[in-house]
Amino acid sequence: MDRQSVTVHYHGCPITPLTALYELAGRCFCVSFGRPEQIARVQEQSQSTMGDNGAWKYFNEDRKAGREPSERDWAPFYAWCEKWLRPCDWAVIPDVIGGGSQLQDALVREWPLGKQMGAPVWHMDEPIDRLLRLTDEWPRVCIGSTEEYFVVLSEPWMGRMDAAWNAVAKRHSRLPWIHMLRGMQCSGKRWPFASVDSTDIAQNHNRPQNTPRGMADRWDAIQCPGKWEIQPEQLELVA
């Protein structure tokens, strides 16, 4: 129920101005297909790059427009990954937030670039059995928040996350690589994420008390634990 205790922090782009991005040379970056304009500059200086599929952006667009979750043509994303990602990089396999397990599984099956380059997403409102199946089959799995568990570190979120990690730890004698999407704030908390990402530096480095390098230094120094202690799970009351 443990793994090597090193947490990789992927800093979301675009980070502007370019002088701010260049302050972070040698860090790990997350570049979204929804905002890909810095990918060439990132690949000149990144230690590792996570290619995000843009599903969160599309989810927010659908939600603001009052639309149901919509499927997309992912061929351009596949081509983008094949062009830009290196052996040390990986990408989030396309997913549709709120689309249901069957659609997610279909998108995973369509992924054309192999298991080393891709990471499927388990959404927190999906059955935990699906998470276990993904961790059995893939070297890296992402966890994504959903509307029911939208607020990271809220009581509902923590209860669901504890249940997920309890199941994973019982399944695997050595914990798998699990990445928390939009999860930088989970650094240093009890969940043993192998990697996390956020756009905190991109959004907040220009505040008077901040610098890009100082923020990256603080985040990169905060590690998640290397093991999981089984947590008591809350029982749901049935009316």
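The values are calculated or read from the model by the stated rules, or taken from the named source; none is laboratory data. Just so you know, these numbers come straight off a predicted model, no measurement behind them. Glycine also receives a Cβ, built like all others from the backbone with ideal geometry; neighbour counts cover every protein chain displayed. Just so you know, the surface numbers come from the protein's heavy atoms only, side chains and all, with ligands and any DNA or RNA stripped out. Shrake-Rupley method; radii C 1.70, N 1.55, O 1.52, S 1.80 Å.
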**Fill in**
Listed by first then second residue, the pairs whose first member lies in the range 200-222 and is under 17 Å from residue 13 (Cβ atoms), whose partner is of a type in the set (Val, Ile, Thr) and surrounded by fewer than 20 Cβ atoms within 10 Å (Cβ to Cβ), with beta carbons under 7 Å and at least 6 positions apart or on separate chains, are 205/211
**Asked** Do you know which residues across the range 65-79 are more than 21 Å from the chain's Cα centre (by Cα) and farther than 22 Å from residue 105 by Cβ?
**Response** 65, 66, 67
**Message:** Looking at the structure I just gave you, is residue 160 of a type in the set (Lys, Arg) and over 18 Å from the mean Cα position of the chain (by Cα)?
**Reply:** no
**Leading residue by the ranking (modelled with the lowest pLDDT) among those in the range 103-123 that are in a helix (DSSP H, G or I) and of a type in the set (A, V, I, L, M, F, W, C)** = 103
**Asked** Is it the case that some residue within the range 44-67 is part of a loop (DSSP other than H, G, I, E, B) and β-branched (Val, Ile, Thr)?
**Response** no
**Complete set of residues in the range 1-43 that are touching a Leu at 6+ places or on another chain (Cβ under 9 Å), modelled with pLDDT of 95 or more and not in a strand (DSSP E or B)** = 13, 14, 15, 38, 41, 42, 43
**Prompt:** So which strands (runs of 3 or more DSSP E) stay within the range 124-239 end to end and still have 3 or more residues that are open to solvent by 50 Å² or more (accessible area, probe 1.4 Å), at pLDDT below 95 and among the acidic types (Asp, Glu)?
**Reply:** none
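For residues that are touching a residue at least 60 places away in the same chain (Cβ under 8 Å) and within 18 Å of residue 200 (Cβ to Cβ), scanning just the range 29-84, find the one that is most open to solvent (accessible area, probe 1.4 Å). Full working, then the answer.
Let us first name the residues in the range 29-84 that are touching a residue at least 60 places away in the same chain (Cβ under 8 Å), namely 30, 50, 52, 55-56.
Imposing the further condition that a residue be within 18 Å of residue 200 (Cβ to Cβ) reduces the set to 30, 50, 52, 56.
Values: 30: 12, 50: 1, 52: 30, 56: 69 Å².
So the residue we want is 56.
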**Fill in**
Within the range 78-102, of all residues that are assigned to a helix (DSSP H, G or I) and of a type in the set (D, E, K, R), the one nearest to residue 37 (Cα to Cα) is 83
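Within the range 1-28, count every residue that is crowded, with 16+ Cβ neighbours inside 10 Å and of a type outside the set (Lys, Arg). If you could, list the steps in order and put the result at the bottom.
Taking the range 1-28 as the starting set, the residues that turn out to be crowded, with 16+ Cβ neighbours inside 10 Å are 1, 3, 7-15, 20-21, 23-24, 27-28.
In the following step, the residues that additionally are of a type outside the set (Lys, Arg) were identified as 1, 7-15, 20-21, 23-24, 28.
Total satisfying the criteria: 15.
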